[in-house]
Amino acid sequence: MRKILPLLLCAVLLASCGRNPHFITNKEYRQQVENDFECRMSQFSTLNSQLRLDTLNRAEREAMQFLYAYMPLSDMADYEPAFFLEQVRGAFQAREEMAWGRSVPEDVFRHFVLVYRVNNENLDSARAVFYRELKDRVQGMTMEEAALEVNHWCHEHVAYRASDARTSAPLATLRTSLGRCGEESTFTVTAMRAVGIPARQCYTPRWAHCDDNHAWVEVYVDGQWKFLGACEPDPRLDMGWFSVPSTRCMMVHSKAFGRYHGDEEVVRRTGLYSELNLLSHYAPTRHVTVTVLDPEGKPVEDAKVRFKIYNYAEYYPLSTQTTDSRGCAGLTTGLGDLLIWATDGERYAFEKLDVRQDSTLTLTLPSTPNSQFSTLNFEMVPPVAGEPKEVSTDEETAANAKRLAYEDSLRTAYTATFHSDSPNPFVRKSEGNWAEIEKFIAAHPDCDTYLSTYSDKDLRDITAVTLEAHWTTPEMYQDINLSTYQRGLLPARISNEMVRPYRQELANFKGMTAEGIRQWTIDSITVDDTSNYFGVPLSPRGVYKLRHADRHSRDIFFVAACRAAGVPAYLDNATNTLYAWNGKVWQITNFSSMTSSSSTTNNAKLTLTYRGKEPAKPVYWPHFTLAKLENGDLRTFDFEDDPRMATFPATIELEPGIYCLSTGNRYPDGTVRSRLDFFELAEGQSLTREIVIPALTARDDQLPALDPNMELFDGATLADYAGTEGMLYINLGNYGEPSKHLVVELQALQPEMRNWGGMTLMVGPATIGMADWHLANTDIAHRSGALEQKLLQALKLDLKGNYPLVVLIDRNGQILYHSEGYKIGTAEQVLKTARKIPTT
């Protein structure tokens, strides 16, 4: 009997554990999570009392502790515990009901299935919706087949379209049926996780060979991470239009929620998340080491080293590393050029590094903060292109194309239900959200000025309730002039936040001045720039509830509190400067000093001029940027589409300080000639600087020529078609994202294309309605012919699906320019070359 009792007790305990298992089976890791959770909750006692984790089973409790221990501030502030419990139960349901669920390693499931957030999107209940849509569709499939099938479902519902930087929630993307790459990849990762397939969003923060960036998806299938194009299905995994461009990357990264211990290289590890360097999955790499010394040659510890790449006329930091006791910091990167910038917070030094040639660099900080300013020129060369990882057979490609066309038809049938023929432009812009906008307009027929303060994306995902919560009229503020009201009180939107109600929620501030609100904010809001690591702004009411915020969310809150109090205020998003109305003039509000608001009369004035001919008018980001030196590094302003930069000369008011005017010009191979013009603005000074676009020098790399007498069609020769101005040949392939970018560029440059006067022969699928684009001097074909074969032979190209193909040819058959695959700025480069064709 003595022997039987312990055995019975053991059996009871095992049965109990089986009914109430741990979510985190590793005891040490579980204890770490519990400690981190308790530490986090000690900062937010009111939130801790709302969780009521004692009502949950063991696995749910541990999963909720994991989420709350590491979630960014925005999620704690703006979503209720019930939302996250729904995410936990949805993830557990998929693990139990999907055939592959239990085969996913515990740590991979924890970081890449359970986690509800992909990047900086607004959150919603998409996991549950997507699971209901997909669970039967993927039944009986292998994990790899299911991943491919989920991507086909995503393509049925969402296609690519460029938009602003705010990332829509997955269900909002589903409603409008379009999204930029960050939204497509967020949508796809959410769908994969919904059915228990581990997935993560991958980003190249900036391309090296052209402007812009891109996001795609990796899925964990049968023990390996493999990539795919989000909402862009291919016949196999490890395929995508970006497969070749990604071989030219200098960084590909992803974030892992919580304390992550995977095999990937970690470029940033915090107590809340890790940033993973995935570049070796895509491109040849080399580890580089930078040493920072003081003027005496001693190592500088805790200096910031930023590894920068030229993109959109600025040097963008791919990664920031901190030097160790030896003054060293390192990064694994691609085989191209970087600008290495080191600073101790005041002094700085920078230099170009050719990673192909060197893996080490030493920078010496000056003895005093830099006071000598000059103009510097660099030539930055990107990595060379590699080969695609996987290539489908002709049969696979044809079958996939047929399926894509059918999926396009399903999506088109849905978008046909939008009220696109409405006489009201706001209803037309709202697309799948038309019911909400029509409901609000019915209640407020005179709301055009109000609705015009919202972005197109706002109109596609805002609710009538939120619109109503922010509705005001000038009559409510009779002591405020109309222009001040329209700038500082009428809009609900302040920056890049998701618009939520806040005027009633912040009604306690009524009667306070801007200075009083500023002081309350300083006294009551704890600024924490590390814990809101996905960069999603907290809502104003979320800041008020949590009493913690990053600086940007704090600034948004200040403006919202002022508006709720009836004090006009706004945030200049180009320069990140806060303004509040004092009854007579706009005053700058500064949280970084002990003084109250300051007048704008102390500002300096900068006038930018331009005398160049190529381009005819420079555009902010593609051609030039302006940055201010702060804390030893450059902070670039965002004057995109800003009327202050619409014509030249352009005069703007700026705070005194050191500035840099950056310009650049790309060769067709992606190499950039870059110019940095440093200068100082003193208080009250007026200064003029010229925007100088570096000229491209002639190169010896002569391209091949075709026979000008070859027949194109109907007896017309290449020479006949090209005429005196030359001709442009374009093949859009299956009209993926790179081709869509090109078409948008061509549409934006139609006046310049007409002035050039050359003919364009464009090849693309019959299903995309190319005639509706109304491109000047353009003939349309739906299959490539002898011309493309001759071009590929002459250029020795094997496209392997790397579209679009763009070739400029003169009347003598000489190829003057060619490009294949993804390159932002292709249309402008074509025009640069075409204008040089002699017409006599």
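The values are calculated or read from the model by the stated rules, or taken from the named source; none is laboratory data. On a predicted model such as this, the values are computed, not experimentally measured, just so you know. All Cβ positions, even for glycine, are placed from backbone atoms using ideal geometry, and neighbour counts span all protein chains on display. These area figures cover heavy atoms from the full protein model, side chains too; ligands, DNA and RNA do not enter into them. Shrake-Rupley method; radii C 1.70, N 1.55, O 1.52, S 1.80 Å.
By the helix-only formula, in which each DSSP H run with n ≥ 4 contributes -39500 (n - 2.57) and the sum is divided by residues, the chain has a 222 nm mean residue ellipticity of -9500 deg cm²/dmol. Full extension of the segment from residue 508 to residue 452, taken as 0.36 nm per residue of separation minus the current Cα-Cα distance, would add 17.3 nm.
In this structure the range 387-435 gives 63 Å² per residue of accessible area when probed at 1.4 Å with all protein chains present.
Estimated at the nearest 10 Å², the accessible area of residue 168 is 10 Å² with a 1.4 Å probe.
Packing here is the average count of other Cβ atoms within 10 Å per residue, and on that basis the peptides 799-810, 133-144, highest first, run 799-810, 133-144. Apolar share of the accessible surface for the range 78-235: 46 percent from carbon plus sulfur atoms, 1.4 Å probe. Overall shape: oblate for the range 133-233, with the ratio a/c of the largest to smallest alpha carbon gyration tensor axis at 1.5 or above and b/c at least equal to a/b. Among the protein heavy atoms of the range 319-477, carbon and sulfur supply 52% of the accessible surface, probe 1.4 Å, non-protein parts ignored.
Largest first and in whole Å, the equivalent-ellipsoid semi-axes of the range 40-176 read 28, 21, 12, each the square root of five times a Cα gyration tensor eigenvalue.
Expressed to the nearest 5 percent, the antiparallel share of DSSP beta bridges inside the chain is 80 percent.
Exposure check, 1.4 Å probe, all protein chains in place: residue 692 carries approximately 50 Å² of accessible surface. Which residues in the range 282-311 place their backbone N less than 19 Å from a point set 7 Å from the Cα of residue 326 along the Cα-to-Cβ direction? Only 286-294, 297-306 fall inside the zone, counting backbone N under 19 Å.
Report the percentage of all Cα-Cα pairs in the chain whose separation exceeds 52 Å, rounded to a whole percent. The proportion of pairs with Cα distances above 52 Å equals 17 percent.
Which whole-angstrom value gives the distance between the alpha carbon centres of the range 520-545 and the range 760-790? That distance is 52 Å. Does the range 447-556 come out rounded, prolate or oblate, given a ≥ b ≥ c as the square roots of the eigenvalues of its C-alpha gyration tensor, rounded meaning a/c under 1.5 and, failing that, prolate meaning a/b above b/c? Oblate is the answer for the range 447-556, as a/c is 1.5 or above yet b/c matches or exceeds a/b. Taking the 1.4 Å solvent-accessible surface of the range 629-677 as the whole, the part contributed by carbon and sulfur is 44%. Once the 1.4 Å probe is applied to the protein heavy atoms, the range 60-207 comes out at 27 Å² accessible per residue. Site pair residue 483 and residue 799 shows an inter-label distance of 5.4 nm when each label is modelled 7 Å from Cα along Cα→Cβ.
Relative to the current alpha-carbon distance between residue 125 and residue 707, full extension at 0.36 nm per residue lengthens the span by 203.5 nm. Each peptide in 444-453, 728-737 gets a packing score, the mean of other Cβ atoms within 10 Å over its residues, and the list from highest to lowest is 728-737, 444-453. Sorting 741, 774 by solvent-accessible area of protein heavy atoms yields 774, 741, largest first, with a 1.4 Å probe.
Ranked by the mean number of other Cβ atoms within 10 Å of their residues, highest first, the peptides 665-678, 240-253 come out as 240-253, 665-678. Only one residue of 730, 564, 345 has its Cα farthest out toward the positive end of the dipole of the chain, where Lys and Arg carry +1 and Asp and Glu -1 on Cβ, and that residue is 564.
Per residue, the range 538-686 exposes 40 Å² of solvent-accessible protein surface, assessed with a 1.4 angstrom probe and all protein chains in place.
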